[in-house]
Amino acid sequence: MHIILNGEQTASNSPNLHAMIVEKGFDPDTVIAEVNFQLIKKTDWEQTSLHEGDTVELLSFVGGG
Amino acid sequence: MSTRETENDTLYFGDVAFSSRLLTGTGKFASRDIIAPMLEASGSELITVALRRVDPDAKEKDILQYIPKSVRILPNTSGARTAEEAVRIARIAREAGCGNFIKIEVITDMKYLLPDNAGTLKATEILAKEGFIVLPYMMPDITVTKQLHDAGAAAIMPLGSPIGTNRGLEMKAMLKRIIEISKLPVVVDAGIGRPSQAAEAMEMGADAVLVNTAIATSHDPVMAGKAFALAVQAGRMARLAQMAEEKEYADASSPLTGFLRQ
């Protein structure tokens with residue numbers, strides 16, 4: 001399966017959003033996730049399955065003024 | 001930080017009370033570990049953060065881990081070029097547990113980073129209706145000041161000069177007019193490079209200032225934070241004390257009548 005992760009196409013065989021985040025080496029505790037521009041709450045990550053062509057954005061808070 | 005003179009001098013954004021009139025930011029610190037001691041030294045109770053795509057190669061903790069829980073978070077919508085993008089960022093920030101505060105930045109001018117007031121107003125209308133405490137970064141403008149009030153903003157944040165320039169109150173004349181007419185708290189945001197400029201803004205009647213670059217990029221951000229806090233306090237006290245007007249000619253402070261030439 002291919003998904004668009006933060007603007008880049010990438011392959012993933014993870015069954016759900018949480019597994020993909022771990023698979024790709026992100027820290028689940030500090031990441032915010034959107035799938036197809038819908039914010040997915042952390043508690044729903046394991047129930048959120050990914051499909052071919054899904055757009056996933058992983059965001060986090062950074063320094064800013 | 002407060003003193004006896006200002007201990008009941010509370011600033012409200014929405015229904016949230018603040019005793020410090022110095023807002024700070026988390027950008028540009030050489031080390032994030034300095035943020036907590038800077039907050040301690042400055043007494044700042046509200047600090048900005050931004051939202052970005054995660055860089056998988058950067059293994060740093062997210063910025064919220066460096067901010068003491070007693071300090072309220074003010075997420076900004078930096079990176080937004082339209083009202084819709086600002087609204088999207090605001091909703092994500094709230095959903096992520098950052099609370100109801102949002103600093104709206106809608107910017108398309110990448111050279112001076114000056115705000116798009118029309119987009120800012122539109123985002124303010126939408127987010128205020130959704131229950132956000134909206135602090136819009138704006139170009140000083142009388143009409144927009146009134147419109148932001150009617151749109152439900154909790155304060156207005158006119159710039160002193162462009163972001164990160166340390167040029168101080170280039171917008172001074174317009175800031176004075178805005179302070180005069182605004183029914184909302186006025187937070188002078190952006191461009192304040194020195195404590196003396198922060199004090200001047202407060203003497204002019206600004207309700208607060210937001211300082212990021214000048215503190216973060218100083219050699220000693222902890223001491224700079226304290227210096228800004230003292231300046232904000234001094235400026236606020238001067239405003240409350242209602243300083244006397246300027247005069248054209250000398251007005252003797254000591255009695256000139258006397259005994260030398262009778």
* Structure fact -> Using alpha-carbon positions, the gyration tensor of chain A gives root eigenvalues a ≥ b ≥ c; with a/c under 1.5 called rounded, otherwise prolate if a/b exceeds b/c, else oblate, the class is prolate
* Spin-label point model (7 Å from Cα, Cβ direction): what's the residue B:95 to residue B:238 distance in nm? -> 4.7 nm
* About the Cα centre of chain B, how large is the charge dipole given +1 on each Lys and Arg Cβ and -1 on each Asp and Glu Cβ? Please answer in debye to the nearest 20. => 220 debye
* To do: Mind jotting down the distance between the C-alpha centroids of the stretch B:219-247 and the stretch B:15-70, whole Å?
  => 22 Å
* Asked: Given labels modelled 7 Å from the Cα in the Cβ direction, how far is it in nm from residue A:51 to residue B:19?
  -> 5.5 nm
* To do: Would you kindly derive the ³J(HN,Hα) couplings of the stretch B:39-45 from the backbone phi angles with the Karplus curve 6.51 cos²θ - 1.76 cosθ + 1.60 (θ = phi - 60°), listing them in order in whole Hz, with x for Gly and Pro?
  => 5, 4, 6, 8, x, 4, 10
* Asked: residue B:51's amide H: which non-local residues (gap 5+, or another chain) put their own amide H closer than 5 Å, with H modeled 1.01 Å from N in plane and none for Pro or chain starts?
  -> A:62, B:76, B:78
* Report the label-to-label distance for residue B:245 and residue B:70 in nanometres (one decimal), using points 7 Å from each Cα along the Cα→Cβ vector. => 4.4 nm
* Compactness relative to 2.2 N^0.38 Å, alpha carbon Rg of the protein assembly as shown -> 1.15
* Structure fact -> In deg cm²/dmol, rounded to the nearest 500, the helical mean residue ellipticity at 222 nm of the protein assembly as shown, built from -39500 (n - 2.57) for every DSSP H run of length 4 or more, is -8500 deg cm²/dmol
* To do: List, in the order given, every pair from B:111/B:183; B:28/B:103; B:172/B:226; B:172/B:247 whose Cα-Cα distance in the structure shown is over 22 Å.
  => B:111/B:183; B:172/B:226
* **Set of lysines near residue A:41 by C-alpha distance (under 21 Å), chain-local residues within fewer than 8 positions excluded** => A:24, B:61
* To do: Work out the mean other chain Cβ neighbour count within 10 Å for the residues of B:230-240 and drop it here as an integer.
  => 0
* To do: Give me a single rounded figure for B:45-55: the average over its residues of other chain Cβ atoms within 10 Å of their Cβ.
  => 5
* How much FRET efficiency would the formula 1/(1 + (r/R0)^6) give for residue B:61 and residue B:261, where r is the Cβ-Cβ distance and R0 is 51 Å, rounded to 0.05? -> 0.10
* Assigned charges on the beta-carbon of Lys, Arg, Asp, Glu; the protein assembly as shown dipole about Cα centre (debye) -> 740 debye
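Once you wrap a convex hull around the alpha carbon atoms of chain B, what is its projected area averaged over all directions, in nm²?
17.3 nm²
To the nearest whole number, what is the average tally of beta carbon atoms from other chains within 10 Å of the beta carbons of peptide A:50-61?
Mean shielding count: 4.
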* Asked: Amide H to amide H, which residues 5 or more places from residue B:71 or on other chains are under 5 Å from it, using H placed in the peptide plane?
  -> none
* Structure fact -> Of the residues A:28, B:41, A:7, the Cα lying farthest along the dipole of the protein assembly as shown towards its positive end, which is defined by charges on the beta carbon of Lys, Arg, Asp and Glu, belongs to B:41
* Quick one: which residues, 5+ away or cross-chain, put their amide H under 5 Å from the amide H of residue B:189? H built at 1.01 Å from N. => B:159, B:160, B:210
* Asked: With θ set to phi - 60° and the Karplus curve 6.51 cos²θ - 1.76 cosθ + 1.60, what are the ³J(HN,Hα) couplings of the stretch B:78-94 in order, to the nearest whole Hz, using x for Gly and Pro?
  -> 4, x, 6, 9, 9, 4, 4, 5, 5, 4, 4, 5, 4, 5, 4, 4, 5
* Asked: Evaluated at 25 °C with a viscosity of 0.890 mPa s, what Stokes-Einstein diffusion coefficient in µm²/s does the stretch B:113-262 have when Rh comes from the Kirkwood expression over alpha-carbon pairs?
  -> 145 µm²/s
* Taking GluC sites (Glu not before Pro) that fall in a DSSP loop and have at most 12 other Cβ atoms within 10 Å as cut points, what is the longest piece of chain B between them? -> B:8-244
* Asked: If you bin every alpha carbon distance in the stretch B:1-112 into 5 Å steps from zero, what whole percent lands in each bin?
  -> 2, 10, 18, 20, 20, 15, 9, 3, 1, 0
* Using the beta-carbon distance between residue B:112 and residue B:183 and R0 = 30 Å, what value does 1/(1 + (r/R0)^6) give for FRET efficiency, to the nearest 0.05? -> 0.60
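Every number here is computed from the coordinates shown, using simple stated rules; none is lab data. These numbers were taken from a predicted model, which means no experiment stands behind them. Every residue, glycine among them, receives a Cβ derived from its backbone with ideal geometry; neighbour counts consider all protein chains shown.
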